[in-house]
Amino acid sequence: MRYLDTRWLWPLLIVAACGGSSGGGAADENPDPDEPVVAQRIALDGDPNGLFWDAASGTLYIADDNNNRILSWTEENGVALAAELPEAPPDGPGLGQVVKTADGTLVATRFGHGTDGAVVFAKPDGTSGVVPNLDPVRRRLGLTIAPDGTLYDTFFVSLNGVKNGSIARLDLSGTETEVVTGFQKPVGVVAVGDDLVVSDQDRDTVFRTPPSDGATLEVLAQLEGPDLLCVGPDGTFYSGGKQGSVRQIQGGGQFSEVMGDFQEVRGVAYDAKRRRLFVADHDGTEGDGVNHALHILPVD
Amino acid sequence: MRSSLLAASLIVPCVLSGARAASAFEPEVYPLLVGEVDAKLHSASRVEGEDGFSVTRLRLGARAQLAPWFVAVGQAEWALEKPVLLDAYASLRPSDSWEISMGARKTPLFASARDDVVWMLPVPERPMVTRAFWPSRDVGLEVHHLPSPRLPIEVWVRGGNGSGNILGNDNSDFAIDARLDAVFGRALPDADPTQLLGLRVGGGVHAESAEDRPGVRATTADGFIFYRPQTVYGPRRIMEAHVVGMVGPVKATAEITFARESRARDTDGNPETPRVDQDPVFSSGAMLEVAWMAVGAWRTLGTWPTASGTGILPGALEVAGRLERIDLAYGARDVTPGGATAASAAVRWWATPFAALSAALYWTGYDVPPIESPDATDSWLGLVRATFHMPVPRPQPPGARGSRK
């Protein structure tokens, strides 16, 4: 699978801008990097889950859980298709976090509901595939790249009605080695220096830990149902949640609500250069009308 | 074929005896309703739980006695994020001494868990040790021999689908529970509640093969997990012994327990390659509870305390205390063990046959500070609880059918 030219794909995507932005989804309010960021809501033809901000190319990548693909967003071109992913399992794509490796490969987790958990990838040459040998029982959600290029993912298994999760070191050749165990439902993970920051959704806690078992976990904050994570400004982190708000985690037990009144916040991504936060707003009740959206929020 | 014959041999006598008693029996369906509303105060508010009011239990269900030898029970807990099935089983009583049940219900270990219901205990909430080690409910087939004055032996043998799994749709594991008790005096079912003495003594074993699940998990009375359990995999064994003694208005319960949990690490994420064995972890615990029914009828196991008809206070008044010790995940070179010592005290006013008001205080001293509060060496919880339920008569054994109605 090649990366597609977004200019001719654009008309295929039903993307509308709301909340003050113009139609078409291109965020043309903020074309100049020196201009202040204006809050925007961009309706998506897709269900956004994991978000990844690629600072080098100024591109936001969006895991589209409805259509089993990765979307991209740039200020110039708005929303476009970045890559199609390998065929989804019968119970849906179940996409979690997406990241872009140094060679341009897009990698995403698949939740799999206990039967089809996987990690999928799409290379810049257009090929895509599933990381081999991984246990499909593992329900994978989080994914991050450490400064040395190592990939880490989060997963949990739910057996006997009990959830048990870990952070694992992921090799795209087909190994997934647990490095920190004993979580309940780990969702988000981000690499920060030599450490990992992980959100345990069922324990309502965000931890910081070195990537080695037996290390003492540091509790950064206790907050309701933290979801996927991203690194924010000044050593902070952002996380959403099903309750529909974005929280900024300062550490030392401190966190604050950045903004509420979303539907369900899944992925978050931060653009340090423009000081803006991207928010994946998931509509959990598609039956009464589909209302998935991407939000862009200025960060003071 | 063999199983069909077995089933027929169990059911046919029930049907025949039921037919004989049909004229004296009318099916009965009772709604089940239990509610508990708390006001809580924590020494570590927000970290170990929220202060203020909360609905701790709202259980709804029904119990249907459709024949003298057949009872069906269904019950769910509604005071959680999502409704959770608690009981869904059918029970056959081919004779006074035997019960065969199939479905989701409590596993038999621990007298304080199986023989009493959680909302009728002398100290609100089960002991810390019992919460940590009790395999909880599962779905399975259980054979139960009930004690009688002539043969005061109670036996449970249960084959189920593993710890904590009610729906049973996420694994193909099996677990075995077996328990043997000797029961005397007021501890016998249907015993005269004015008998001075009662004694229940026994023990049990739980065995299962675990698949990547947390090991023994200790919590405070409000559910705060103060020690991160290890992930266990492979054979898992829990043993317990208990004694419940009753002397007039005093009831004492002691339980000791021990667990051995295997571990094995998946080093590559590939389910086809073998795991690497790790040191097993061991955990143990003990608890002692003493309750005094200061006003009201003496306690019998598993029944709501009632007024004795005398005294200045309506209903029954009970004072109780509990001491506990738990040691967690020791014996492995790569694991830092944990543990705690706990004490609690409660006053419970069983005001009417359907409502009670309680006050309790819990203290937990940590061997290792919880990661959520690295400076904490202990914690306190204060609790005021209102309990209400819809009284339901006990199931009638087949031999009692002539006295019904």
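Coordinate-derived values only; no laboratory data. All values derive from a computational prediction rather than experimental measurement. We place every Cβ from the backbone using ideal geometry, glycine too, and count neighbours over all the protein chains shown.
Here the dipole of the protein assembly as shown is about 3520 debye; that uses its Cα centre as origin and unit charges on the Cβ of Lys and Arg (positive) and Asp and Glu (negative). Globularity index of the protein assembly as shown is 1.09 (Cα radius of gyration / 2.2 N^0.38 Å, N = number of residues).
Between the listed residues B:L141, B:H42, B:L383, the Cα displaced farthest toward the positive end of the dipole of chain B, a dipole computed from Cβ unit charges relative to the Cα centre, is found at B:L141. Between B:S45 and B:A252, the simple label model (points 7 Å from Cα in the Cβ direction) yields a spacing of 4.0 nm.
At 222 nm, what value in deg cm²/dmol follows for chain A if DSSP H runs of at least 4 each add -39500 (n - 2.57) and the sum is divided by all its residues, to the nearest 500?
Helix contribution divided over all residues of chain A: 0 deg cm²/dmol.
Amide H to amide H, with H built 1.01 Å from N, A:V299 comes under 5 Å of A:R276, A:L277, counting only residues 5 or more places away or on other chains. The 3J(HN,Hα) values that the Karplus relation (6.51, -1.76, 1.60; θ = phi - 60°) gives for the range A:229-245 are, in residue order, 10, 8, 7, x, x, 6, x, 9, 9, 10, 8, x, x, 5, 6, x, 10 Hz. Gly and Pro appear as x. Taking the inverse of the mean 1/r over every pair of distinct Cα atoms in the range A:6-298 gives a Kirkwood hydrodynamic radius of 18.8 Å. Considering only GluC sites (Glu not before Pro) in DSSP loops that have at most 16 other Cβ atoms within 10 Å, the longest stretch of chain B without any of them is B:82-271.
Packing, taken as the mean count of other beta carbons within 10 Å per residue, orders the peptides B:351-358, B:291-298 from highest to lowest as B:291-298, B:351-358. For B:W363 and B:A64, the difference between the fully extended length at 0.36 nm per residue and the C-alpha to C-alpha distance is 103.6 nm.
Highest mean packing first, where packing is the average number of other Cβ atoms within 10 Å per residue, the peptides A:86-96, A:253-263 line up as A:86-96, A:253-263.
Projecting the Cα atoms of A:Q97, A:Q250, A:P136 onto the dipole axis of the range A:6-298, where Lys and Arg carry +1 and Asp and Glu carry -1 at the beta carbon, places A:P136 farthest toward the positive end. Taking the Cα centre of the range A:6-298 as origin and assigning +1 to Lys and Arg Cβ atoms and -1 to Asp and Glu Cβ atoms, the resulting dipole is close to 300 debye.
Its DSSP H runs of at least 4 residues, each contributing -39,500 (n - 2.57), put the calculated 222 nm mean residue ellipticity of chain B at -2000 deg cm²/dmol, to the nearest 500. Label sites at A:V38 and B:V276, each approximated as a point 7 angstrom past Cα along Cα to Cβ, lie 5.7 nm apart. Under the simplified labelling scheme, the B:F174-B:E81 pair shows an inter-label distance of 3.4 nm, with each label point 7 Å from Cα along Cα→Cβ. Near A:F183, once Lys and Arg are set to +1 and Asp and Glu to -1 for all other residues with Cβ below 10 Å from its Cβ, the sum equals +2.
Each residue of the range B:249-262 was assigned a 3J(HN,Hα) from its phi angle through the Karplus expression (A = 6.51, B = -1.76, C = 1.60, θ = phi - 60°), giving x, 9, 10, 10, 10, 10, 9, 10, 8, 8, 10, 10, 10, 7 Hz with x at Gly and Pro. Electrostatic tally near B:L141: other residues with Cβ closer than 13 Å to its Cβ, Lys and Arg +1, Asp and Glu -1, net -2. A:Q248 sits among other residues whose Cβ lies under 11 Å from its own Cβ, and their net charge, with Lys and Arg +1 and Asp and Glu -1, is -2.
Put +1 on the Cβ of every Lys and Arg and -1 on every Asp and Glu Cβ in the range B:36-119; which of B:A79, B:T56, B:Y89 then has its Cα farthest towards the positive end of the dipole? The residue sitting most towards the positive pole is B:Y89.
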